[in-house]
Amino acid sequence: MSTASSARMPRREFLKTTGALVAGATILTSSLAAEPESGGHSGRLILPINRNWRYSRTFTEAGTARNFNDSSFEKVVVPHTNIALPWHSFDEKTYEFISLYRRRFKLPAAARGNRVFVDFEGVMTASTVWINGKRLGEYKGGFTPFSFELTQHVDWGGDNVLAVAVDSTERADIPPFGYQIDYLTFGGIYREVALRIVPPTHIDNIFARPRDVMTDNPAVDVDCFFEHSNGPRESLTIEAVLHKGDHALGHASKTVEQNESGRTTVALTGFGRVDLWNLTHPNLYSVRVRLLHGSQPIDEDRRTIGFREATFTDHGFELNGKVIKLRGLDRHQTFPFVGQAMPARVQRRDAEILRHKLKCNIVRTSHYPQSRHFLDACDEMGLLVLEEIPGWQHIGDQPWKDISVDNVRRMIRRDWNHPSIVLWGVRINESRDDHDFYARTNTVAHELDITRQTGGIRYFQESEFLEDVFTMNDFGFPLKPPNHPRYLNTEFVGHTYPTKTIDNVERLTEHTLRHARIHDQLASNPQYAGGIGWCAFDYNTHGDFGSGDRICYHGVTDIFREPKPAAGFYKSQCDPEDEIVLEPAFHWARGDESIAFSKAVVCSNCEHLKFYVKDKLIAEADPDRTQFQHLKYAPFVTTMERFFEPWGDLRIEGYIQGKKVIEKNFSGKGVSQKFSITPDDTKLVGDGGDTTRVVLAVTDEYGAICPFVNDAITFKIDGPATIIGDNPFGLVGGTGAIWIRTTEQSGTVTLHARHPVLGEQKVSIAVSPSTPESA
């Protein structure tokens, strides 16, 4: 019997939610590298199969046959989007079709006698899988991982053909679909794929649960899930080892008897105090688990963990016993031109922007589980996460609900070792109450993970409260007072005040102040655990949302991840020891306001500001404690009628304890002076998928963006890479971005970018060789 397996779900937990049995298997985790690896002397092999796919935008049943001639199909690398798109103003029907992917592979000789699974990390939206012409089943869901066992149907010595029909239509039987949704789902095999070769008796999953972390005697309870072979069950030993880097700190083992179920717990103790995981020092450990028969290793796997206590209480959110006011943004995982099909490097970059550029301490994965690479980066950078299941307002019929409950299982079993995740979102975003449904989702979450609380995003306070934390979208001002002791605001501003980088200064300034006002109120009451604003990045949407070009301009950055002035507010809330911040919430222009320039708003963590025009001191300002009584670093708001004369260059100086610590200059000429191209990375890997963003900018002579420049930039690329994006590309608000993706060769990539007036800039990127895939 073919099985579509739930991410790390024990075999005993069968669910008939997809037309095929849902049984226990694992997907790639953060402990698994991008190259083939084996677990020491065990039989486990993880073989990435992201290259050498053949792709057709047209699906036919004949194309699933083993001997089908697919030589005319396009050769692609996953992550892959089913069709290239403009960055805005396109119809979602463009990507709503059924496509076909095919991949040939050979199994290594070491695979014989083992079990073989194919693990998909994410395919949008429904996937029907064949191996050598044998249909294995359909998996319904675009945001959660799934697996199929291939063992019974593989050719152990010859070629095998994996075929996947990908239905990317908005099917009403699959969450989040069935009514309207305010985001796009795109199509294709947009996350990684691997073959997993494991012994007949093998480790299925690991959940390492730290406890007593604040004491001198912390411990880790290691839940080991394993699958027995079909033959006689012999006594086995589970061995667990705690590591800090390469250093083993603690060891424990336990005998697993023949009649024992597929789960056992091993307690690691006696290793002494540990370095806690926190926002500034996100210390990470790993747990290695081996399955042994006598002294002979059978299987081995490991997980990355962190030691921390994270709890929502009636006086806010506590991390390791310290109250921390949460300040974050919601994230869609979508990108221009390719939808969701971005590889690890680009996914990780979003976490870096949120944590280090915007200084957030929490992110919400709105409105679905997101890339494991993004979550790995959150672990490593100290960025807290609220992760939630797929959905947007609509609740479907009973089979739809069953899939949603299964999404809870898959999300938690994939991600329960991430120390960054502090709250499971187990309710469809902004849906109405449904007692039986949400009793199920909460029960499943609590049964699977006793270490974390649950939340459920709603927009009305009268909602039945079944979760541990009342998570509330409140777009009003002032905010509603907390009506439960554990209360977190999860959306605000957003669609009530969409703002583009090209809007006039009054709107850009007001957008900034609205975010500041909300966080000031959140700081006024300890029962507000904090707030997660809507949202980090502008995003593509349906025609019945957005601003007329199918973009929701709700972000504090644009769709290319470049900041609007409101981003400066979030950045300014960090401690000056982290970074000294001075970010004006205005363009330096004499006539962009309705009555010339009259009000300057600056977001800064300085204590005092001085404003100069043409080197003449015009004004001084302190933080606006009248409007923002509760923020540690309040914005500066000052009126400057005297800016009329003289007009010229602006200089703002920031002071702390009477000492000038930062200075920024802005030209009064209104003339484009510089054109720059800046890659996020200058070293890539030639695996056919590695990608980096290249930011384009036109600035004044001081480096400040010229906000109304829309010139067309033309590109030429030399070397082993391709451009993702428009060529020519029209700048938006003086800036924009394209992405560079490597081919499967090494060498030097040179990108030439030409501005029609300011001339050409170029940048070089080194592409190193990658290890060939083994299957």
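What the table shows:
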| read-out | value |
| --- | --- |
| Long-range neighbours under 7 Å by Cβ, at least six apart or interchain, first residue in contact (Cβ under 8 Å) with a residue 12 or more places away in the chain within the stretch 475-489, second among the hydroxyl-bearing types (Ser, Thr, Tyr) | 475/496; 482/528; 486/313; 487/528; 488/471; 489/528 |
| Residue among 638, 682 that alone is polar (S, T, N, Q), over 22 Å from residue 592 (Cβ atoms) and in contact with a strand residue (DSSP E or B) (Cβ under 8 Å, 6 or more places away or on another chain) | 682 |
| Top-ranked residue of the stretch 255-267 - restricted to ones that are of a type outside the set (Gly, Ala, Ser) and farther than 16 Å from residue 301 by Cα, ranked as modelled with the highest pLDDT | 255 |
| Criterion: farther than 22 Å from residue 429 by Cβ, modelled with pLDDT under 95, of a type outside the set (Gly, Ala, Ser) and surrounded by fewer than 23 Cβ atoms within 10 Å (Cβ to Cβ) - qualifying residue of 199, 218 | 199 |
| Flag for residue 363 being part of a strand (DSSP E or B) and within 21 Å of residue 392 (Cβ to Cβ) | yes |
| Among the residues listed as 507, 517, the single one being part of a helix (DSSP H, G or I) and surrounded by fewer than 17 Cβ atoms within 10 Å (Cβ to Cβ) | 507 |
| Residue list for the stretch 347-379, restricted to those being farther than 25 Å from residue 605 by Cβ and open to solvent by 10 Å² or more (accessible area, probe 1.4 Å) | 348, 372, 373, 376 |
| Some residue of the stretch 595-603 being at negative phi, out of contact with any Pro (no Cβ under 9 Å at 6 or more places or on another chain), modelled with pLDDT under 95 and among the basic types (Lys, Arg) | yes |
| Condition met for residue 428 (modelled with pLDDT of 95 or more and touching an Asp or Glu at 6+ places or on another chain (Cβ under 6 Å)) | no |
| Subset tally (residues that are part of a loop (DSSP other than H, G, I, E, B) and open to solvent by less than 10 Å² (accessible area, probe 1.4 Å)) for the stretch 544-558 | 2 |
| Residue 524 vs. criteria within 23 Å of residue 176 (Cα to Cα), assigned to a loop (DSSP other than H, G, I, E, B) and hydroxyl-bearing (Ser, Thr, Tyr) | no |
| Qualifying positions in the stretch 248-293 - free of Cβ contacts under 8 Å to residues at least 40 places away in the same chain, open to solvent by 30 Å² or more (accessible area, probe 1.4 Å) and small (Gly, Ala, Ser) | 248, 253 |
| Residue match in the stretch 69-83 (condition: at pLDDT below 50 and outside any loop (DSSP other than H, G, I, E, B)) | no |
| Answer residue from the stretch 105-148, given it is touching a His at 6+ places or on another chain (Cβ under 6 Å) and part of a strand (DSSP E or B) and is most open to solvent (accessible area, probe 1.4 Å) among those | 134 |
| Qualifying residue in the stretch 412-424 (condition: among the charged types (D, E, K, R), touching a Lys or Arg at 6+ places or on another chain (Cβ under 9 Å), open to solvent by less than 10 Å² (accessible area, probe 1.4 Å) and at negative phi) | yes |
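The values are calculated or read from the model by the stated rules, or taken from the named source; none is laboratory data. On a predicted model such as this, the values are computed, not experimentally measured, just so you know. Don't worry about glycine lacking a Cβ; one is built from the backbone with ideal geometry, like all the others, and counts go over all protein chains shown. Surface areas here come from the heavy atoms of the whole protein model, side chains and all, with no ligands, DNA or RNA. Shrake-Rupley method; radii C 1.70, N 1.55, O 1.52, S 1.80 Å.
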